[in-house]
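To start, the structure itself, in structure tokens.
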Amino acid sequence: MTRITPDFAKELKQYGDDTALICFNCGTCVAVCPLISESFPRRLIRYIQIGARDRILENSNDLYKCLHCGLCTETCPRGADPGEVILSLKRFAVATWRKM
Amino acid sequence: MTDPKEKTEKAESGKSEKIGVYICYCGGNISDHVDVEKVRDEAEKMPGVAVARTNSFMCSDPGQELIIEDLKNGLIDRVVVASCAPSLHETTFRGAIARAGANPYIYDHANIREHVSWVLHGEKATFKAEKLVGAAVGKASLLQELDPIRVDARKHATVIGGGIAGLKAAKVLAERGIDVVLVEKSPYLGGNAARLDTIAPFGEKSAALISELAEDVLARDNITVMTHSKVIGFEGYVGNFDLTVQTTFADAADHEQAAGHYIPTVGVITESATEHIIETGAVILATGFKSYQPRHGEYGFGENSAVVTLPEFIKQMSEVDPSKTELEIGSRKIRSIAMIHCVGSRQIPGIHEEDEDGYLNEYCSRTCCSAILHAANQVKEIFPDTNVYDFYRDIRTYGRGQEELYDQAANNRVVFLRYSAEDSPVVTANDDGSDAPLKVTVKDGLTFNEEVEVAVDLVVLATGMEAASIPELVSMMKLPVGTDKFLQEIHPKLAPVEMAVSGVFLAGTAQAPMTIAEACNGAAAAAVKTASLLSKGHVELDPYVAEVDQNLCQGGGACIEACLADGALEMQDVKTAEGTVKKARVVPALCLGCGACAAVCPSRAIDLKGWSLKQYEAMVDMIVAED
């Protein structure tokens with residue numbers, strides 16, 4: 001069971017862009033991502049949308065596979081800037097490391 | 001009109017020997033599969049055929065000219081065209097015959113495209129085309145000149161229902177010089193639209209819309225508005241309907257409406273109900289919809305006051321003080337709202353609970369996605385700190401300006417969660433210790449089908465539309481009703497506001513769930529259709545109606561029992577040498593031309609004009625004839 005924490009978006013704001021909620025979950029970013037990783041980066045962006053803080057930390061290893069090639073940001077039809085959101089999540093993960 | 005007896009004698013006297021047959025290539029559509037010239041050669045040999053011709057497009061001017069020339073030169077007195085479906089060009093060729101100065105009903109049509117060349121190839125196609133042309137020739141040989149039935153029409157229409165569609169229809173009719181009676185059962189004009197605040201997607205005030213329309217309607221001399229009124233009697237036929245309208249003076253419509261009668265908890269009625277007969281030419285049904293009322297316990301509805309329907313929420317939002325920093329409803333702070341789509345719509349057998357009649361609303365109500373996203377945007381734009389969670393099955397913001405509502409909702413940081421019908425969200429009491437009273441749990445399709453839960457202060461159900469309950473009108477006026485319980489048009493595209501009952505039209509959500517804009521479109525269309533029907537002062541009806549041979553009629557009455565249209569057949573007393581006897585008589589304006597009476601008459605005294613038994617026999621003879 002994942003519980004929605006409504007204020008997570010506010011917490012994340014100090015680490016960078018707050019564009020995750022513009023995403024409409026089409027999965028284009030997953031399709032163009034050169035990494036062979038299931039549902040990356042959409043899964044993490046979805047966790048931001050619903051404020052699933054713990055799920056992000058559980059899956060934070062995925063963040064470090066990202067090559068920052070920028071393809072997802074280039075192709076996102078909503079301009080949700082997934083590449084930048086992943087960077088924000090990295091900062092969040094580092095800041096939260098071992099505080100869990 | 002000629003005396004029917006004369007015509008019968010003429011038909012019996014012999015068959016036409018001057019039939020013209022015109023066969024169309026349809027530019028290859030037919031001739032690629034049917035040997036059109038062979039069909040022509042065969043047609044020329046058929047009994048009664050004087051002329052047989054072909055053309056690459058019979059519907060073209062040169063094609064029609066062939067028919068006109070032959071008629072004018074006296075070569076032919078009956079016409080058969082073998083081409084596409086009669087729904088496409090029957091009227092075209094009847095028109096050509098009329099332009100040649102002949103009676104347009106001396107015509108029969110053989111469909112050798114849809115029924116032949118589009119479904120058969122080679123010899124089979126040519127064979128069937130010959131048979132169909134033969135049948136048409138057989139029928140044509142017995143065709144008689146007919147005159148359309150002409151009935152006087154009152155330049156007066158009645159609109160039932162004073163919602164936005166009824167108001168719009170009344171206004172458009174009045175503008176076209178038709179006198180209108182608008183019958184509304186409640187004391188008010190405006191209907192369901194009056195219960196809204198701002199209207200999706202552009203945000204106009206419904207109060208302004210309704211007021212503008214209602215003021216216009218009330219100010220017109222040729223519109224009579226009857227509120228507190230309902231139609232309790234319906235008689236007559238197109239152009240000449242008599243409606244009985246009952247006007248009551250008490251709100252409690254289910255009670256006896258006589259002066260002095262005591263209605264429990266209300267009081268004593270001071271004025272008796274009155275009844276009026278409205279003489280009218282056409283009726284527009286604008287009886288509207290009713291908002292779906294969730295079952296007790298459906299998403300917690302009725303069990304917790306924090307679960308409300310969208311119409312209730314719209315009303316609550318219209319009373320909210322926007323200058324406050326937090327959304328407050330009934331002095332309760334609302335920090336998070338769950339909105340659930342498709343409540344009472346798109347129900348699936350085996351998944352959703354049927355009502356007591358075993359019925360489900362399987363249709364999409366079409367307006368709720370836009371309406372609830374409009375409400376969500378309103379909340380987020382006034383109170384950005386209130387979290388809105390939108391639980392949807394599919395988003396169907398389909399019209400102009402509506403997809404933008406969805407975009408806007410995402411930009412306003414509405415959180416979307418997607419559920420499937422078999423795993424609908426579950427609303428329960430919240431137990432996490434926060435002051436949010438409710439918890440919504442869902443298997444979220446957007447989060448890879450993980451179970452997700454959220455605590456909320458309010459649950460808003462996007463309830464759909466159901467057909468208004470008008471069983472009395474339906475049975476009295478014999479109105480066709482669809483499987484979705486809404487009133488049904490003749491054809492969803494080609495006759496979208498017309499009903500099978502001639503002279504009765506449809507406006508607005510009586511027909512199907514639709515937006516206010518669509519309801520107004522439909523209402524305007526129905527009004528213009530009505531005006532064009534009535535404005536000539538008379539109505540012409542197809543002459544294909546039953547006809548009684550008074551010499552053969554035994555007065556047995558089997559036809560009257562079989563008749564599907566009330567009043568189309570009646571018994572009359574006829575004086576004969578043996579005294580007064582009963583014989584059947586047709587009221588042409590009411591006859592549907594279905595032939596049910598002709599099928600049951602033991603003495604074959606009743607027949608259909610233009611579709612007589614003899615004509616059918618001639619058709620069959622031609623089909624089974626050996627070469």
Starting from the stretch B:124-139, keep only residues that are in contact (Cβ under 8 Å) with a residue 24 or more places away in the chain, then list their pairs with residues that are polar (S, T, N, Q) whose Cβ atoms are within a distance under 6 Å, requiring at least 6 positions of separation or different chains. B:Ala125/B:Ser117; B:Lys139/B:Gln615
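For the stretch B:53-76, how many residues are among the aliphatic types (A, V, I, L, M) and more than 42 Å from the chain's Cα centre (by Cα)?
The total comes to 1.
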Across the stretch A:17-29, the tally of residues that are more than 9 Å from every other protein chain (Cβ to nearest Cβ) and under 13 Å from A:Ile86 (Cα atoms) stands at 4
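For (1) at pLDDT below 95; (2) more than 23 Å from B:Gly166 (Cβ to Cβ), each residue gets a yes or a no:
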site: B:Phe249; (1), (2): yes, no
site: B:His261; (1), (2): yes, yes
site: B:Gly267; (1), (2): yes, yes
site: B:Val308; (1), (2): no, yes
Taking A:Thr75, is it hydroxyl-bearing (Ser, Thr, Tyr), in contact with a Ser or Thr (Cβ under 8 Å, 6 or more places away or on another chain) and within 14 Å of chain B (Cβ to nearest Cβ)? no
Checked pairs for the stretch B:185-198, first touching a residue at least 40 places away in the same chain (Cβ under 8 Å) and part of a loop (DSSP other than H, G, I, E, B), second small (Gly, Ala, Ser) and crowded, with 17+ Cβ neighbours inside 10 Å, C-beta under 6 Å and 6 or more apart or across chains, list as B:Leu196/B:Ser206
Pairs, first of a type outside the set (D, E, K, R) in the stretch B:420-440, second loosely packed, with under 13 Cβ neighbours inside 10 Å, C-beta under 6 Å, six or more apart: B:Ala421/B:Ile348; B:Ala421/B:Ile351
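What number of residues in the stretch B:441-461 are free of Cβ contacts under 8 Å to residues at least 24 places away in the same chain and either farther than 22 Å from B:Ser345 by Cα or not assigned by TED's automatic domain parsing to the domain that holds B:Leu310 (or both)?
Number of matching residues: 5.
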Within the stretch A:56-72, does at least one residue satisfy the condition of being away from chain B (no Cβ under 14 Å) and either within 11 Å of A:Ala20 (Cα to Cα) or without any contact (Cβ under 8 Å) to a residue 12 or more places away in the chain (or both)? yes
Within the stretch B:379-403, tally of residues that are closer than 24 Å to B:Gly297 by Cβ and more than 11 Å from every other protein chain (Cβ to nearest Cβ): 4
Quick check on my filter: what residues within the stretch B:15-42 are more than 12 Å from B:Thr126 (Cα to Cα) and either more than 38 Å from the chain's Cα centre (by Cα) or part of a loop (DSSP other than H, G, I, E, B) (or both)? B:Lys15, B:Ser16, B:Glu17, B:Lys18, B:Ile19, B:Gly20, B:Tyr25, B:Asn29
Residues (among the hydrophobic types (A, V, I, L, M, F, W, C), out of contact with any Leu (no Cβ under 8 Å at 6 or more places or on another chain) and buried (at least 21 other Cβ atoms within 10 Å of the Cβ)) located in the stretch B:107-130: B:Ala125, B:Ala129
Within the stretch B:512-627, considering only helices (runs of 4 or more DSSP H) that don't extend past its boundaries, which have at least 3 residues that are touching a residue at least 60 places away in the same chain (Cβ under 8 Å)? B:516-534, B:613-624
Flag for B:Ile348 being more than 28 Å from B:Gly166 (Cβ to Cβ), away from chain A (no Cβ under 14 Å) and hydrophobic (A, V, I, L, M, F, W, C): yes
How many residues, within the stretch B:404-438, are facing chain A (nearest Cβ under 9 Å) and in a strand (DSSP E or B)? 4
Could you list, in sequence order, the residues of the stretch A:6-16 that are more than 9 Å from chain B (Cβ to nearest Cβ), surrounded by 15 or more Cβ atoms within 10 Å (Cβ to Cβ), in a loop (DSSP other than H, G, I, E, B) and not small (Gly, Ala, Ser)? A:Tyr15
Where in the stretch B:51-164 are there strands (runs of 3 or more DSSP E), lying wholly inside it, with at least 2 residues that are closer than 30 Å to B:Lys230 by Cα? B:149-152, B:156-160
Restricting the search to the stretch B:485-519, which residues are charged (D, E, K, R) and modelled with pLDDT under 95? B:Lys493
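Are any residues in the stretch A:31-53 more than 12 Å from the chain's Cα centre (by Cα) and either within 12 Å of another protein chain (Cβ to nearest Cβ) or surrounded by 14 or more Cβ atoms within 10 Å (Cβ to Cβ) (or both), and if so, which ones?
Residues of the stretch A:31-53 more than 12 Å from the chain's Cα centre (by Cα): A:31-38.
Once the filter is applied, which keeps residues that are more than 12 Å from the chain's Cα centre (by Cα) and either within 12 Å of another protein chain (Cβ to nearest Cβ) or surrounded by 14 or more Cβ atoms within 10 Å (Cβ to Cβ) (or both), the stretch A:31-53 yields A:Val32, A:Cys33, A:Ser37, A:Glu38.
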Filter result (part of a loop (DSSP other than H, G, I, E, B), out of contact with any Pro (no Cβ under 9 Å at 6 or more places or on another chain), touching a residue at least 24 places away in the same chain (Cβ under 8 Å) and of a type in the set (A, V, I, L, M)) within the stretch B:476-500: B:Leu479, B:Val497
Of (1) assigned to a helix (DSSP H, G or I); (2) away from every other protein chain (no Cβ under 13 Å); (3) surrounded by 15 or more Cβ atoms within 10 Å (Cβ to Cβ), B:Glu466 satisfies all except one. Which? (1)
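The values are calculated or read from the model by the stated rules, or taken from the named source; none is laboratory data. Since the model is a prediction, treat every value here as computed from it, not as a measurement. Cβ atoms come from the backbone with ideal geometry, glycine included; neighbour counts cover every protein chain shown.
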